[in-house]
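Asks: Once you've had a glance at the structure underneath, I'll fire off some questions.
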Amino acid sequence: KALDLRVTKIVTPLGIAQKRKQAKVHHTILAQYQALNKIHTTRDQKIKEIKLLQSASPDDLKTLVAEVETNAATEITGLHAAFLHDLGRRLTVAQLDAVKDGMTYNVVNITYKGYQEMLPTLNEAQKNKIWNWLVEAREIAMDAETSEKKHWWFGKYKGRINNYLSAEGFDMKKESEAWQKRIKLASQKNAIN
């Protein structure tokens, strides 16, 4: 029931007028979540069983766990491609992006907006680099099993972005502090008005 509600929250804003098409999109997203859950659960169960093997050496255990993780990743990659292909037949590019954003809590747009507000002097090349890395993170995060892991992927890419921006000459600590001051000042002005 909770999963069905989550999918409804993703599908409703797409504005699909045809009920049959809307139902197919809903079913496709629901099936994706279920298939991902099955892969993650099976992977985790196999890893748990491997770790209980007392006769295996630590190196053998690592090898067996890595094999299970690789097999699961391969399954997920195929599932991801099939999912996007199936949805792509029914949705526009903008709607497909909205589904991806819905599956990842709209982190791409929120984070991108945050970088632009924090660093108003970003040039177009820098903005494009940030955007592309966030979109790449979203593609991976879509298939993560929990919201924590989805956010972890974005955190990893934010680290990459921050390193890039530092190399571009931005003092990220100073920029962040200045941005927080601007937010606080704007909040105080709004409270007065």
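Asks: Read through the list (1) in contact (Cβ under 8 Å) with a residue 12 or more places away in the chain; (2) under 26 Å from Lys156 (Cα atoms); (3) open to solvent by 40 Å² or more (accessible area, probe 1.4 Å), then give the number of the only condition that Ala72 fails.
Replies: Only one criterion in (1) in contact (Cβ under 8 Å) with a residue 12 or more places away in the chain; (2) under 26 Å from Lys156 (Cα atoms); (3) open to solvent by 40 Å² or more (accessible area, probe 1.4 Å) is unmet by Ala72, namely (3).
Asks: A further question on this structure: For region 39-65, name all the residues that are open to solvent by 80 Å² or more (accessible area, probe 1.4 Å) and either in a helix (DSSP H, G or I) or closer than 23 Å to Lys149 by Cα (or both).
Replies: Of everything in region 39-65, those that are open to solvent by 80 Å² or more (accessible area, probe 1.4 Å) and either in a helix (DSSP H, G or I) or closer than 23 Å to Lys149 by Cα (or both) turn out to be Gln45, Lys46, Lys48, Glu49, Lys51, Pro58, Asp59, Asp60, Lys62, Thr63.
Asks: Would you mind stating whether Tyr115 is among the aromatic types (Phe, Trp, Tyr), in contact (Cβ under 8 Å) with a residue 12 or more places away in the chain, within 26 Å of His27 (Cα to Cα) and out of contact with any Asp or Glu (no Cβ under 8 Å at 6 or more places or on another chain)?
Replies: In short, no.
Asks: Return the residue satisfying two criteria in turn: it lies in region 71-103 and is under 14 Å from the mean Cα position of the chain (by Cα) and of a type in the set (D, E, K, R), and of such residues it is nearest to Leu36 (Cα to Cα).
Replies: Lys100
Asks: As an exercise: evaluate Asn162 against (1) part of a helix (DSSP H, G or I); (2) within 16 Å of Ile29 (Cα to Cα); (3) open to solvent by less than 60 Å² (accessible area, probe 1.4 Å) and give the number of the one condition it does not meet.
Replies: With respect to (1) part of a helix (DSSP H, G or I); (2) within 16 Å of Ile29 (Cα to Cα); (3) open to solvent by less than 60 Å² (accessible area, probe 1.4 Å), Asn162 is out only on (2).
Asks: Take Leu91 and tell me if it is in contact (Cβ under 8 Å) with a residue 60 or more places away in the chain, assigned to a helix (DSSP H, G or I) and open to solvent by less than 20 Å² (accessible area, probe 1.4 Å).
Replies: Against the criterion (in contact (Cβ under 8 Å) with a residue 60 or more places away in the chain, assigned to a helix (DSSP H, G or I) and open to solvent by less than 20 Å² (accessible area, probe 1.4 Å)), Leu91 does not qualify.
Asks: Does Arg182 satisfy the condition of being open to solvent by 90 Å² or more (accessible area, probe 1.4 Å) and within 30 Å of Ala17 (Cα to Cα)?
Replies: no
Asks: Just name the residue that is nearest to Asp143 (Cα to Cα) out of those in region 99-112 that are in contact (Cβ under 8 Å) with a residue 12 or more places away in the chain and either in contact with a Cys (Cβ under 9 Å, 6 or more places away or on another chain) or not in a helix (DSSP H, G or I) (or both).
Replies: Thr104
Asks: Out of everything in region 104-155 that is within 11 Å of the chain's Cα centre (by Cα) and among the acidic types (Asp, Glu), what residue ends up being least open to solvent (accessible area, probe 1.4 Å)?
Replies: Result: Asp143.
Asks: May I ask you to verify whether Leu5 is open to solvent by less than 40 Å² (accessible area, probe 1.4 Å) and in a helix (DSSP H, G or I)?
Replies: Here the answer is no, as Leu5 does not meet what is asked.
Asks: Separate question: Among the candidates Leu36, Leu96, single out the residue that is without any contact (Cβ under 8 Å) to a residue 40 or more places away in the chain and either part of a helix (DSSP H, G or I) or touching a Cys at 6+ places or on another chain (Cβ under 9 Å) (or both).
Replies: Going through Leu36, Leu96 in turn, the sole match is Leu96.
The values are calculated or read from the model by the stated rules, or taken from the named source; none is laboratory data. This is a predicted model, so every value here is computed, not measured. No Cβ is skipped: glycine too gets one built from the backbone with ideal geometry, and neighbour counts run over all protein chains shown. With ligands, DNA and RNA removed, areas are computed over all heavy atoms of the protein, side chains included. Shrake-Rupley method; radii C 1.70, N 1.55, O 1.52, S 1.80 Å.
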